[in-house]
Amino acid sequence: MNLSLITSLLLTLVLSWNQIEYRQLIGSWQLTHFDGIEKIVKSSQYQNANSIERASMDARIKYRLENTVYQFQEGDVLRFTDFENQTVVQKEVKIELAEGNMLVIHEEKGDRLAKILEFTNEKMVLQPISVNSSSGKLIFEKIKK
């Protein structure tokens with residue numbers, strides 16, 4: 001009986017020790033890589049493109065990376081850039097950091113989920129959780145002031 005109690009306490013301690021706190025997220029985070037880039041570069045459309053078409057695709061990838069910034073703010077607010085119909089739009093939503101380092105992004109169209117797979121003061125790796133889970137990981141770097 002005592003052994004299971006000790007094991008239970010240790011497991012709780014480990015889980016709570018690994019839990020990120022929202023205050024650690026506060027600041028601006030720049031998207032530096034997403035797994036979708038690899039799919040694009042490996043696609044037949046990209047591989048068979050002429051130099052002008054390939055340069056256009058590379059420019060769109062670069063544009064997406066440069067324009068995707070997550071700004072976590074006090075009061076559980078996330079401001080971020082998103083793309084709708086090939087256009088950059090600014091959004092502001094309420095966000096929740098749930099147990100297991102799950103981000104719950106409360107949008108008008110419904111909640112979106114992402115798991116924080118890796119986190120340091122300089123780097124954050126997110127895995128969107130959705131029906132189309134093939135979107136892959138997103139890697140962000142903290143923007144230094």
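Only the coordinates and a few stated rules stand behind these numbers; no lab work does. Values in this document were obtained by computation on a predicted structure and should not be read as measured data. All Cβ positions, glycine included, derive from the backbone under ideal geometry; neighbour counts span all protein chains shown.
Placing dummy labels 7 Å off each Cα toward the beta-carbon, the span from His33 to Glu108 is 3.5 nm.
Extension gain, Lys115 to Gln19, is 33.4 nm, computed as 0.36 nm per intervening residue step minus the present C-alpha separation.
In percent, what relative contact order does segment 21-142 have, based on Cα pairs under 8 Å that are 6 or more apart in sequence?
Result for segment 21-142 is 25 percent.
Given a cut-off of 21 Å, name the pairs among Lys115/Lys142; Lys62/Lys137; Lys42/Lys123; Lys115/Lys144; Lys62/Lys142; Lys123/Lys145 whose C-alpha atoms lie farther apart than that in the structure shown. Violating the 21 Å Cα-Cα cut-off are Lys42/Lys123; Lys115/Lys144. The simple spin-label model puts a point 7 Å past each Cα toward its Cβ; for Glu92 and Ser43 those points are separated by 3.4 nm. Here each label is just a point 7 Å from Cα along the line to Cβ, and for Ile26 and Ser130 those points are 3.0 nm apart. Packing, taken as the mean count of other beta carbons within 10 Å per residue, orders the peptides 49-55, 136-142 from highest to lowest as 136-142, 49-55.
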